[in-house]
Amino acid sequence: MFLSAPSSVPRITELPWQPPERLFPLCRDEDSSVFLDSGGPAEQERHRWSFLCPRPAGHVILPLAEMHLFPRHLREFLAAHAPKGALSSPNLPFTGGVIGLLSYEAGMACEGLTSRHETDCPAFTALACRDLFIIDRLEQKLWWASIDGLPPPELPAALPPAHGYPTITAMPEQSASAWQAAVRTVQDYIAAGDIFQANLTMRWVASRPAGLNLPRLYKQLRTACPAPFGAWFHTPDFTLLSASVERFLSLDHQGRIETRPIKGTCPISTDLQQNDALKDALRRDEKELAENLMITDLMRHDIGRVCQLGSVDVPQLFAVERFAHVHHLVSSITGQLQAGYDAADLLAATIPPGSVTGAPKYRALEIIDEVETSARGAYCGTLFRLGWDGALDSAVIIRSISATADHLKVGAGGGITYPSHPEREYEEMCLKAAPLLNVLHTHGR
């Protein structure tokens, strides 16, 4: 199915420093491109590295009906484009490989379920990144990695400031009262013993205006919402503009796995004393703690499907971490991959991410599909990078804008438990969506 790439001399070349925003104009609307764009404080490891591939060497797309073949297709695609010689550096986390997107409905398919909703997002899309920029924001260093020994492309002029473009108003697909009624339906299922919790979400949808410049829109998003797992993932038919704050799975070349689910949210205050009070309240919030604990347990189960017996551990539970616009409760689950398994097996065993589904997962997926009014698509799926050495890093697709030829979509939601207050859950969901909706509304001003 895939053509092997030509044999050549791979090389990694250090270049004079350029900040990521100077490189981003290489990503254009016309062709596929991908930019894994870490924002925020570079001294933290998750914010440190960025990777930009302006011209992927190939792509593969799978429909939902073929998701049972996903692990095989991913392995074959990686092997078809892998270098013939070594292209690695112990100090660089990613020197090329596959960058891919798995939709939420792709995860449902891996669990043996089919959504009742139509989706405009491919189940699985992957780009082969044989040539890319590697950006170390902490040390302010820049490299160009090329399997084929090609020189880096010349930098185009920076994107000019946006002026005169129409504002974009995204409308919620449900009223506040309708969404809160869905919360109560989920609580009825919890009371009946079907589930312990479910992540309930909603979409805001806007028609795509003529002449919309997606790179310029992404530039505004990354400025307004700097995030450790920001991303531009562009193909001619679908584009993801992400400001995700949540790591999904990481897997190093020695088989060590970590997943970092986020559950529990509170606002940030500019008043230091008030901010400390908000954080302390989050640490003590029984509903938020229970929600985080249930998802931590779910992720222990999910990675346990492919981990060595007894290797799964929880080194961090209920840590309060600050992000650009909110505080979150974050936990960490680790494990050791079983011999004979790889990153494709790990992804197939764990998607869609537990933090955006519920517990027990299978029943939560069924209930979510029943009570939500549209397909999630890329939202609540995962964006991942898989290196030539088999190492994986990935993010939960939240805080994102999805773009097709016709529409722009923003999703937001939150975990629902029996003690949840529907009005408070609605306010928290709107708090998460507000920065993204503001980016759309102020586009072009």
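The values are calculated or read from the model by the stated rules, or taken from the named source; none is laboratory data. Bear in mind the structure is a predicted one, so any value in this text is a computation, not a measurement. Because the Cβ atoms are built from the backbone with ideal geometry, glycine has one as well, and the counts that use them run over all protein chains shown. Quick note on the areas: whole protein, heavy atoms, side chains included, nothing else; ligands and nucleic acids left out. Shrake-Rupley method; radii C 1.70, N 1.55, O 1.52, S 1.80 Å.
Miscellaneous remarks
- Counted residue by residue at 0.36 nm each, then reduced by the alpha carbon distance between them, the extension gain from GLU21 to MET171 reaches 51.0 nm.
- Heavy-atom SASA rank of GLU423, GLU45 (probe 1.4 Å, accessible area, largest first): GLU45, GLU423
- Using R0 = 30 Å, the C-beta based FRET efficiency linking LEU309 and TYR362 works out to 0.85.
- LYS279 accessible area, 1.4 Å probe, all protein chains in place, Å² to nearest 10: 50 Å²
- A Gaussian network model of the chain, with springs between Cα atoms under 10 Å, assigns the largest mean-square fluctuation among ILE295, ILE195, ILE262 to ILE195.
- Modelled spin labels at GLN316 and GLU76, positioned 7 Å past Cα toward Cβ, are 3.9 nm from each other.
- Residues within the reach of a label modelled at ALA65 (point 7 angstrom out along Cα to beta-carbon, backbone nitrogen below 19 Å), restricted to the range 121-143, are 121-125.
- Entries in LYS219/LYS263; LYS219/LYS279; LYS219/LYS409; LYS409/LYS432 that, when Cα-Cα distance is taken, lie over 22 Å: LYS219/LYS263; LYS219/LYS279
- Area accessible to solvent at MET171, 1.4 Å probe radius, in Å²: 110 Å²
- No Cys partner within the rule (Cβ under 4.7 Å), the chain: CYS27, CYS110, CYS121, CYS225, CYS266, CYS307, CYS380, CYS430
- When nucleic acids and ligands are ignored and a 1.4 Å probe is applied, LEU113 ends up with an accessible area of around 20 Å².
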